[in-house]
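Notes for the one structure printed next.
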Amino acid sequence: MSASAYFQHTVAGPVIFAGVGLHTGSHVRVAVRPAAVDAGIVFVRTDVHDRDNRVPVKPDAVCQTQLGTVINNAGDVRVSTIEHLMAALAALAIDNCVVELDGPEVPIMDGSSEPFVQILDRAGRRKQEAARRYIEILAPVVVEEEGGKRASLSPSDRFEVAFEIAFASKAIGRQRVDLTIDEESFRAELSDCRTFGFVRDVEALRAIGLARGGSMENAVVIDGDRVLNPEGLRRPDEFVRHKALDAVGDLYVLGAPIIGRFEGVLAGHGLNNAVVRALMANPAAWRMRAHSVELAQAV
């Protein structure tokens, strides 16, 4: 383990970006700013003035998981589609930051985490004089749903993510990925993999207020057995890799990196959050582990 892994980190300075929300279609301006030790990741809705506009990221803040992860606070101030930014924060080991946004949804950018990685690279990273805490998985935790859907966390000496999907469309079929996740592997193997959707679902989703900002600029679009995007796929198994990317972001709502193995089979944001909540409800299945700063300074 590198010396930097022993310490908490925040962004070195503020960075500002803007874009369109995938589901709301709203244009949103975002600023990521440094935060103090142990502050965690906190979203702040700068367009909300009549109640508490701070929405800290934590497992029980997740209030909706249909085609994205949505968090809220006690005043029901919501922030939608946080998972791709959260995945980038997790991979780049940003423990503490404030994410200010003037709308209800994190911009979708190109549908992957790569723009957020680039944005955080521009901000830089600053070491903080406090030990980084890890959630070590001690015993298996499994949640299942009908149709063979499953998500689990189990012991491992590192953070691993495995995912399996199966779709009738020949454009996707059955795909599986199994990776050890750290900053290097996330950048190389997952960060550029985009979200995806089917043409047949678009009208129904827009009727219930979703996918209003979706396009081939920010998603892989499938019609039957064909990928409609002129540029095609970034990787042959881009679909399952994006699901693994989502899982990295969804697990980071725990507020600390995991030492353990996540496996998802036909899972989505709902099951990802269900296994997080099941873990928190079973104190015997995990422990919080921290390395001493004194030891880190000697490394």
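Observations on the structure shown:
- Taken over the range 1-46, the criterion of being open to solvent by 50 Å² or more (accessible area, probe 1.4 Å), in contact with a Gly (Cβ under 6 Å, 6 or more places away or on another chain) and within 26 Å of P104 (Cβ to Cβ) is satisfied by V20 alone.
- Pairs where the first residue, in the range 262-273, is of a type in the set (V, I, T) and the second is part of a helix (DSSP H, G or I), C-beta under 7 Å, 6+ apart: V265/G148
- When each of V57, V99, V77 is tested for being out of contact with any Cys (no Cβ under 8 Å at 6 or more places or on another chain), open to solvent by 10 Å² or more (accessible area, probe 1.4 Å) and touching a residue at least 24 places away in the same chain (Cβ under 8 Å), the lone residue that passes is V57.
- Checking each residue in the range 211-265 for being farther than 20 Å from R187 by Cα and either among the aromatic types (F, W, Y) or in contact with a Phe, Trp or Tyr (Cβ under 6 Å, 6 or more places away or on another chain) (or both) picks out I222, G264.
- Note on the range 158-177: residues that are among the basic types (K, R) and either at pLDDT below 95 or part of a strand (DSSP E or B) (or both) total 2.
- Of all positions in the range 122-134, at least one carries a residue that is part of a helix (DSSP H, G or I) and farther than 18 Å from R241 by Cα.
- Note on the range 242-277: residues that are surrounded by 20 or more Cβ atoms within 10 Å (Cβ to Cβ), more than 17 Å from I135 (Cβ to Cβ) and more than 13 Å from the chain's Cα centre (by Cα) total 3.
- Taking the listed residues R133, R174, the one that is of a type in the set (K, R), closer than 30 Å to P283 by Cα and open to solvent by 20 Å² or more (accessible area, probe 1.4 Å) is R133, with no other qualifying.
The values are calculated or read from the model by the stated rules, or taken from the named source; none is laboratory data. Given the structure is predicted, the values throughout are model-derived calculations rather than measurements. As a convention, Cβ positions derive from the backbone with ideal geometry for all residues, glycine included, and neighbour counts pool all protein chains shown. For the accessible areas, the whole protein counts, side chains as well, though only heavy atoms, and no ligand, DNA or RNA atoms are used. Shrake-Rupley method; radii C 1.70, N 1.55, O 1.52, S 1.80 Å.
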